[in-house]
Amino acid sequence: MLPELFFAYFAVTITGLSILVITRKNPVHSVLWMLVLFIHIAALYVFLNAEFLAAVQIIVYAGAILVLFLFVIMLLNLRKEEIEQKFQKQWPLGMLAGTLFILFFVIILNKFAVFPAPGEYSIQAIQGEGNIMVIGKVLYTEYLLPFEIASLVLLVAIIGAVVLAKKKISE
Amino acid sequence: MPGTYIPLNYLPVLIILIVATLVGLLPLLLGIILRPKRYYPLKLTPYESGNPPVGEPQSKFSVRFYIIAMLFVVFDVEAVFLYPWAVAYDRIGLYGFIEMIIFIFILLIGYIYVWEKKALEWE
Amino acid sequence: MELNKLDLFSIRLIAPEIILISIALILILLDLVIKRKETIAFVGVLGTLTAAYVNYKLCAMGWTGSTLLGMFAFDGYANFFKLIFYINIILTIFISLRYMVLEEASFGEYYSLILFATSGMMFMASAVDLIVLYVGLELMALSTYILVGITRRQVRSNEAALKYFFLGAFSSAFLLYGISLTYGLTGTTNLKEIASALQNLNLLENPILFLGMILVIAAFGFKIALVPFHMWAPDAYEGAPTSITSFMSIGPKAAAFAALGRVLFDAFGPMHVQWSSILIPLSVITMAAGNIIAIAQTNIKRMLAYSSIAHAGYALLGIIAGTHGGLSSMMNYMAIYAFMNIGAFAVVIMLRSKGFRGEELTDYEGLAKSHPAASALMLIFMFSLTGIPPTAGFIAKFYIFMEAINAGYTPLVIIAVIFSAISAFFYLRVVMYMYMKEPKAHVTLSTSPAIFLTIAVTAAVTLILGLFPSLLVELAKMSIAGF
């Protein structure tokens, strides 16, 4: 009973907060609601046994990416766009698509009845060894290729930021 | 629900969160309840050291902030990858060490690039 | 301990990628000390040739298999696509040299980003694990977004990059959602293991898995610009620097086709009935919208964007067929498309000169009188894109239609032939403008040895493959043999 209640609280709050984020007229308010949203998502990760992911959610998303969002909003200095509602003309269509998607999902939800056999890392194994230890063991052995490619993605992000946003770059 | 559990270890975190929220919100709430409410236009204008307010409250930020913030995000993510590596270090041994050297080396090139392009300087 | 399984010897299968990435890293550092961009471009071409040579040597030794704990496959299928990628890099660098100076965006980063994007594509072509596939796709996409926006003083380039980025981000989200649903049901991200889990866990009729597959197809649909997911393509193609338009109409498209083919055949192979029933309508509307909207275009880059959408519709027939023959005809199609499309864009780039865009169709009026050679070459590329014999474009279409008929999709092929006939209207209009109209303004061509070489090579290949199709067709068949 308690896990269901716990999950229900976070599921409902996350949905509500997401709606708040996309409906606020002041983008700074949107970002602040997003902060609350990120913290709730982090709590959901803890609940799903992904403690490291929860910590990353707080450090990277709530800590760094949100600041980036705020900078971009300040950079654009949206004023006119707040008053004109030009980005919102297509919301009925989006709403329709979203509703259909939810309906479809509700209909097929009970098909999640079959579960694959649990792998090496059951909940007990993870709790016994520690979450970060298990992630470290898997990430740096089995998934070493995606890990190295990730560093290239980060490098490209650095180059992109400099190439596109630096005021003067030498030709 | 399979795969989920009530994270009892995190109960103190929850309590601290609640207390911190209360410490922040309670004084504000008390203020709203207790203070006298007499509003008039002059009182509602923003206070700018006694001068009449000039211009919009929000001003445009320089795009330089964006580069700095973006670089911060990238190196922040790099640091996140170091946590599990450090914890699992004695289990993944030499391979893990070499992998991390390659990872850091690739980002080091990014760092040299940023440094040489003077993206960290305030022009 | 997993690490003991990591066979160091097998890492050499990933050597071409390692070489390409090292060269890209060296280019970044070189750019800081060397001011001449030609030197950087030259090192880039040299590095690509080295990677291609090493790749060829590994092939010649008859090595196939997977490395890095079954994440990365080295097989004929991937190598064929990598051949397209190498050609794409080299020819793109050739057509960029002069052009990027004209656009006042001659940055050294440009060349390393091309190499990074291509290494992402190579990981996509070789990925046998959905995680590697996703990270490779991100590496490719992120580099391409930057390349589209690299002429940063031009508003339309910024707009193009932004639109491409937004829709690309959506498609990444779709892909991740599809992957997570598939993982949730099968418990694995390895393609082969997904296929066996489908049978063992009796998931073939499961609607959630079906949804996951639809999302994966939609994500690749964005990358190859299938019709409901094509909205970014015309704007991104028009706004990007022309050399990058050419690069991204071939590389990311071929990479997404490679990944789509592998995912659908390897992981969802037993569900051929389901996925072909999704792909057939997509392919029909893609051919219809691509060919019909192209008629209304007045800008040649936009026209080639819609043409590129339409060609994705034809190439999809090879996957729909669901046979190895179909897949090899799709590979054949992508390779031929690479040559004829780069050739066409190279001619478009030649028309660009200082203060003159040369992107409107009317700019081609009477080109045959002032520049007969360039016009004749453009004629070859336009004939090839239409699919008129004896050009390679005809061969590409012929084989893909034949394989689709063999697999029993005759009505679909009839539709494709009809739209192919419609496409003649807008391709041949360019030819008509060049040969039948009087020149309006004086057009100067900005030629350089590199661009000349590119056009010569692409035109020669387009004609040679049209006359001797077996050269490429046999290679594609051979590549797919062990798939």
## Note on the structure
Per the Cα gyration tensor, the stretch C:191-305 corresponds to an equivalent ellipsoid with semi-axes, largest first in Å, of 33, 15, 9
### Task
Return one number: the angle in degrees, 0 to 90 and rounded to the nearest 10, between the long axis of the Cα atoms of helix C:372-386 and the longest principal axis of the Cα atoms of chain C.
30
### Task
Taking every pair of alpha-carbon atoms in chain B, give the share separated by more than 23 Å as a whole percent.
70
### Task
Quantify how strongly other chains surround peptide B:107-119 by giving the mean number of their Cβ atoms within 10 Å of each of its Cβ atoms.
6
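If you take the beta carbon distance between residue A:25 and residue A:109 as r and set R0 to 45 Å, what does 1/(1 + (r/R0)^6) give as a FRET efficiency, to the nearest 0.05? Each step should come with its number before you reach the end.
Values: r = 34 Å, r/R0 = 0.76.
Approximately 0.85, to the nearest 0.05.
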### Query
Hey, which lysines would be in cross-link range of residue A:168, C-alpha to C-alpha under 24 Å, not counting anything within fewer than 8 residues on its own chain?
B:60, B:117, B:118, C:35, C:37, C:354
### Query
What net charge do the residues around residue C:78 carry, taking every other residue with its C-beta under 14 Å from that of residue C:78, with Lys and Arg at +1 and Asp and Glu at -1?
-2
### Message
Quick check on packing: order C:117-126, C:256-265, C:453-462 by the mean number of other C-beta atoms within 10 Å, highest mean leading.
### Response
C:117-126, C:256-265, C:453-462
### Inter-centroid distance (Cα atoms) of the stretch A:135-171 relative to the stretch C:466-483, Å
37
### Summary
Descending packing, highest mean Cβ count within 10 Å first, for A:16-26, C:319-329, C:11-21 is C:319-329, C:11-21, A:16-26
### Task
Taking every Cα atom in the stretch C:284-483, find the radius of gyration and the maximum pairwise distance Dmax, and write them in Å.
17.2, 56
## Note on the structure
The ratio Rg/Rh over the Cα atoms of the protein assembly as shown, Rh being the Kirkwood inverse mean 1/r radius, stands at 0.98
### Whole-percent pair-distance distribution, where bins are 20 Å wide, for the alpha carbons of chain C
25, 59, 15, 0
### Query
Any idea what the dipole of the protein assembly as shown comes to, in debye rounded to 20, about its Cα centre with Lys/Arg Cβ at +1 and Asp/Glu Cβ at -1?
1980
### Task
Rounding to the nearest 20 debye, state how big the charge dipole of the stretch B:74-123 is about its Cα centre with +1 on each Lys and Arg Cβ and -1 on each Asp and Glu Cβ.
120
### Message
Which aspartates and glutamates, if any, have their Cα less than 15 Å from the Cα of residue A:111, not counting same-chain residues under 8 positions apart?
### Response
C:205
### Query
What translational D, rounded to a whole number of µm²/s, comes out for the stretch C:330-414 from Stokes-Einstein when the hydrodynamic radius is the Kirkwood one over Cα pairs, at 4 °C and 1.567 mPa s?
90
### Task
Could you tell me which of C:320, C:41, C:358 has its Cα farthest along the dipole of the protein assembly as shown towards the positive end, charges placed at Cβ (Lys, Arg +1; Asp, Glu -1), taken about the Cα centre?
C:358
## Note on the structure
Mean per-residue count of partner chain Cβ within 10 Å for A:10-20 equals 0
### Message
Under a Cβ-only charge scheme (Lys and Arg +1, Asp and Glu -1), can you give me the dipole magnitude of the stretch A:119-171 about the Cα centre, in debye to the nearest 20?
### Response
460
### Message
Quick check on packing: order C:133-140, C:404-411 by the mean number of other C-beta atoms within 10 Å, highest mean leading.
### Response
C:133-140, C:404-411
### Residue-by-residue Karplus 3J(HN,Hα) for the stretch C:158-170, coefficients 6.51, -1.76, 1.60, Hz, glycine and proline x
4, 4, 4, 5, 5, 5, 4, 5, 4, 5, x, 5, 4
### Query
Can you give the average number of partner chain beta-carbon atoms within 10 Å of each beta-carbon in peptide C:54-61, as a whole number?
0
### Query
Among the aspartates and glutamates, which fall within straight-line cross-link reach of residue C:253, defined as a Cα-Cα distance under 16 Å, with same-chain neighbours fewer than 8 residues apart omitted?
C:138
### Query
Can you give the relative contact order of chain A as a percent, counting alpha carbon pairs under 8 Å and 6+ residues apart?
15
### Query
Over the Cα atoms of the stretch C:171-255, what Rg and Dmax result, in angstrom?
16.1, 50
### Message
Limiting things to C-alpha atoms, what are the Rg and the maximum Cα-Cα separation (Dmax) for the stretch C:1-109, in angstroms?
### Response
16.7, 56
### Message
At R0 = 35 Å, how high is the FRET efficiency between residue C:453 and residue C:176 if r is their beta carbon distance? Nearest 0.05 is fine.
### Response
0.25
## Note on the structure
If each part is reduced to its alpha-carbon centroid, the stretch A:1-79 and the stretch C:66-128 end up apart, in Å, by 37
### Message
Given all pairs of different Cα atoms, what value in angstroms does the Kirkwood hydrodynamic radius of the stretch C:72-211 take?
### Response
17.1
## Note on the structure
For residue C:74, other-chain or 5+-apart residues with amide H closer than 5 Å (H placed, Pro excluded) are C:65, C:66, C:67
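Taken together, the values in this text are just the output of simple stated rules run on the coordinates, not laboratory data. If you're wondering where the values come from, they're calculated on a predicted model, not measured in any experiment. Cβ coordinates were reconstructed from backbone atoms using ideal geometry, including for glycine residues, and neighbour counts include every protein chain displayed.
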